[in-house]
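As structure tokens, the structure follows; a few thoughts come after it.
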């Protein structure tokens, strides 16, 4: 076939859009049926192991001032680039190996390799578990939501626990589903793998201040900005998909609301979900999205999960249509 760009051919060795769409559909189905692979075989865990090891080499211990101010930034940038290059090369070699199989096996194998780069089922299950825990008691709800957020949860009210869970759901709908699919569509398995590396690096290094006894103010700045760049367009696509789900509700107010967050991207899917559901999503002292909306109550987490699941289903249907179009 002759409908693929040079970038797609380089990245995946597929020469058809239906091949890419088929691999995405396989990944989504495997995620739905089986969830995450075992920890010891999970590529994202391997990425995290590298990031943890490298971070201990260059991130200064709190209270220790480096001899050169820019040294942690430079070291962090070099460590990030080295890791991203390794991930890209390995993914490209695997794509080349997969390309030797026939079309059907290419779709199946590449879909299986792509699956660990996205994670809808585990996100859905963890957020749903927050509501189940809240039904038992507020302390259990706080304990469960602590698995999703890095903030101090001890003083959160029931509504604030739900706000934290729904905010995490919206933001990670982009980070864990839409953005990996976007970069897979653009650059195949190498693109998705590098995005997942960047997002993991941001989660581990992208802090303004202390984490695990080390100062990441400069050491993690490159990782944080790289994730911002790679997530910029997917976050806005995610927000538009959520708005369309609610018949366009809040679409024109969204740009103003999204700017309230420190992240240039997180406010878009969070704001879209807040406007669509007419709820307020607030993190005290940081942001308050859709202030006039009601505080989340029982039933709102399930409604948010249903809305995000519809976005995932919509993407899967698009993939199925692309496959059907390509094979006919």
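Each value in this text was obtained by applying a stated rule to the coordinates, not by laboratory testing. Predicted, not measured: the structure shown is a model, and the values here were computed from it. Positions of Cβ are generated from backbone atoms using ideal geometry, with glycine treated the same way; all protein chains shown enter the neighbour counts.
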Can you give the FRET efficiency to the nearest 0.05 for residue 294 and residue 237, using r as the Cβ-Cβ distance and R₀ = 30 Å?
0.65
Counting each pair of different Cα atoms once, what's the Kirkwood radius of the range 140-234 in Å, rounded to one decimal?
14.6 Å
Show that you can apply the helix-only estimate: for the chain, add -39,500 (n - 2.57) for every DSSP H stretch of four or more residues, divide by all residues, and state [θ] at 222 nm to the nearest 500.
-22000 deg cm²/dmol
Paramagnetic reach from residue 61 in the range 211-225 [backbone N under 20 Å; point 7 Å along Cα→Cβ]
211-220
Quick one: 117, 270, fewest Cβ neighbours within 10 Å first, how do they rank?
117, 270
How much length is gained if the chain between residue 262 and residue 208 is pulled fully straight, taking 0.36 nm per residue apart and subtracting their Cα-Cα distance, in nm to one decimal?
18.3 nm
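Cut-off is 10 Å between beta-carbons; in what order do 288, 33 appear when sorted fewest neighbours first?
Ranked by crowding around the Cβ, least crowded first: 33, 288.
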So if each residue of separation counts as 0.36 nm, and I subtract the Cα-Cα distance between residue 101 and residue 152, what length gain in nm does that give?
13.4 nm
The list (1) 57, 55, 37; (2) 106, 43, 38; (3) 74, 49, 37 gives values of Cα extents along the principal axes in Å, and only one came from this structure; which label was calculated from it?
(1)
Treat the count of other C-beta atoms within 10 Å as a stand-in for reagent exposure and order 169, 230 from fewest to most.
230, 169
Given 69-76, 275-282, 194-201, the highest-first ranking by average Cβ count within 10 Å works out to 194-201, 275-282, 69-76
If R0 is 25 Å, what FRET efficiency do you get for residue 244 and residue 41 from their C-beta distance, rounded to 0.05?
0.10
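Need the full-extension length gain, residue 135 to residue 309, defined as separation in residues times 0.36 nm minus the C-alpha distance. One decimal, nm.
60.4 nm
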